[in-house]
Amino acid sequence: MATYSKRPVSDEDSIRNLSSECFEGSNQGSENAPVADWLDPAVMSSDPYPSYERLRSESPIAWAPAFKRYLVTSYSGCLTVEQHPEVFTSNVSGGTMVRALGGQPMLRKDDPEHAVERQAVNPTLRPKRMKEVWADIFERNAESYLEQLISVGPDEADLDRDFAAPYASKNLIDVLGLGGVDVGDLRAWSHAFIAGIGNVLDDEEIWRRCDVAQAEVEAVLDERIPYLKRHPDDSMISLMISAGLSEDQIRSNVKLTISGGMNEPQHAITNIVWLLDRHDETKARVLGDGGLWPSVFDEAVRWQSPIGMFPRETVESTEIDGVRLPAGAPVGVVVASANRDEQKFKDPDVFNVAREAVPHLGFGSGAHMCAGRWAAKSAVGDVGVPRLYQRLPGLRVDDRRETGVAGWVFRGITKLPVTW
């Protein structure tokens with residue numbers, strides 16, 4: 001698998017390409033929407049949070065010409081959009097996702113169609129099944145890639161490359177039910193699909209890589225679907241088969257999960273380690289009290305949401321906070337900004353694991369709340385990061401080497417040199 005010749009796609013490429021999906025849309029159609037013509041895509045990719053703060057202060061719902069989209073940046077505005085799918089549809093027009101994946105996945109459907117496909121995979125992703133089925137598998141995978149990280153050595157190890165990415169990939173292979181697929185193949189497919197989803201400039205080479213990745217995944221599914229029909233298990237593919245989903249539905253949703261199900265836990269791991277490295281007192285407290293890991297995970301996802309924005313589209317004329325949006329308006333729900341909203345969170349720019357419990361939007365909200373959130377909490381917060389510090393109590397960021405971070409729609413640390 002993944003033997004074709006292609007230009008290597010880095011994590012930075014993937015994040016920036018996927019971010020480009022928000023560039024689709026029509027011209028401004030609102031008579032009273034503020035225009036945020038000062039927004040700079042390069043600045044947003046480097047560090048979007050100062051721009052978010054300005055938007056929330058000046059125009060929490062604004063037309064952004066650089067992205068051809070109305071950006072909703074307040075907590076209340078984002079929650080309103082998510083709580084009213086009858087007005088803000090997930091089935092956005094003109095998107096590249098269907099082309100990239102070769103079909104329409106549940107993420108681009110509203111209820112009741114979305115609910116049918118979502119309910120098929122929910123049982124294996126619930127907290128009880130995480131404990132009963134997947135926790136031991138995550139433990140095994142963590143040990144395997146910890147050995148890989150340690151073998152690279154404290155002078156050359158990169159936490160993203162040597163642990164977070166392969167660990168997240170292997171967990172996804174197991175949860176999906178993809179059998180003996182190689183972690184490098186899954187990562188290549190994920191990068192190809194992400195590039196395709198962001199291919200608004202219609203680059204033929206990106207489509208070629210995406211088409212090859214589709215064909216390779218289809219070839220795996222040609223074997224795995226019949227096998228899992230004969231040998232059902234707890235995997236997502238098996239449950240989709242048992243629920244009676246069509247093969248087209250199964251294949252589209254497998255490719256959807258490949259496109260996004262690796263990057264978010266991967267970046268959550270590196271984000272937590274980076275944050276703890278810069279908060280010595282918090283790090284000491286957490287390493288002395290294992291019961292704090294769930295709070296660390298939750299606060300890290302709030303502080304820097306791996307998924308920063310997702311698209312919606314109005315199906316009718318509507319109004320949010322006094323701003324009138326026309327029917328067919330492309331909307332960007334900027335949950336990364338909502339999670340730093342001063343009106344909702346005290347000292348929102350501070351990483352505080354003792355923060356008063358207030359629901360954040362790092363996993364979305366409503367019907368489309370991330371199906372994999374419990375898997376991420378288990379694999380990252382319960383297993384992956386705690387096990388890192390158990391094996392390597394002196395683990396720290398190696399400031400002698402460069403750390404890389406990119407993106408705003410999907411934001412993550414792409415290079416994290418570590419030592420111990």
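Just so you know, all these numbers are worked out from the coordinates, no wet-lab data involved. In this text the structure is predicted, and so the values were computed from the model without any measurement. Positions of Cβ are backbone-derived with ideal geometry, glycine not excepted, and every protein chain shown enters the neighbour counts.
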**Request:** For a footprinting-style exposure proxy, rank S151, S169 by other Cβ within 10 Å, fewest first.
**Result:** S151, S169
**Asked** Which peptide among 183-189, 284-290 comes first, and what is the full order, when sorted by highest mean count of other Cβ atoms within 10 Å?
**Response** 183-189, 284-290
**Request:** Loop only per DSSP, at most 15 neighbouring Cβ atoms within 10 Å: give me the trypsin sites (Lys or Arg not before Pro) in the range 333-369, ordered by residue number.
**Result:** K346
**Item:** Relative contact order [Cα under 8 Å, 6+ residues apart], the chain, whole percent
**Value:** 28
**Request:** Between K377, K109, K131, find the one with the highest GNM mean-square fluctuation for the chain; connect C-alpha pairs within less than 10 Å.
**Result:** K131
**Ranked T282, T124, criterion: other C-beta atoms within 10 Å, fewest first** = T282, T124
**Fill in**
Among Q390, F67, V220, the residue whose Cα sits farthest towards the positive end of the charge dipole of the range 11-419, when +1 is placed on the Cβ of each Lys and Arg and -1 on the Cβ of each Asp and Glu, is Q390
**At R0 = 30 Å, FRET efficiency that the Cβ-Cβ distance of W420 and D289 yields, to 0.05** = 0.90
**Request:** Can you put I194, I150 in order of Cβ neighbours within 10 angstrom, beginning with the fewest?
**Result:** I150, I194
**Prompt:** Rounded if a/c is under 1.5, else prolate if a/b is larger than b/c, else oblate: which is the range 11-419, with a ≥ b ≥ c the root eigenvalues of its Cα gyration tensor?
**Reply:** oblate
**Asked** So how strong a dipole does the chain carry about its Cα centre when Lys and Arg Cβ are +1 and Asp and Glu Cβ are -1, to the nearest 20 debye?
**Response** 560
**Request:** State the answer as a single residue: which of F363, I307, P294 lies farthest towards the positive end of the charge dipole of the range 293-420, with beta carbon charges of +1 for Lys and Arg and -1 for Asp and Glu, about the Cα centre.
**Result:** P294
**Fill in**
Rounded to the nearest 0.05, FRET efficiency between E223 and R140 (Cβ-Cβ, R0 30 Å) equals 0.80
**Request:** Would you mind telling me the antiparallel percentage of the DSSP bridges in the chain, rounded to 5?
**Result:** 85
**Message:** If R₀ is 25 angstrom, what is the calculated FRET efficiency for the pair E113 and A215, using the beta carbon separation as r and rounding to 0.05?
**Reply:** 0.40
**Message:** Once each part is reduced to its C-alpha centroid, what is the distance from the range 81-153 to the range 369-417 in angstrom?
**Reply:** 18
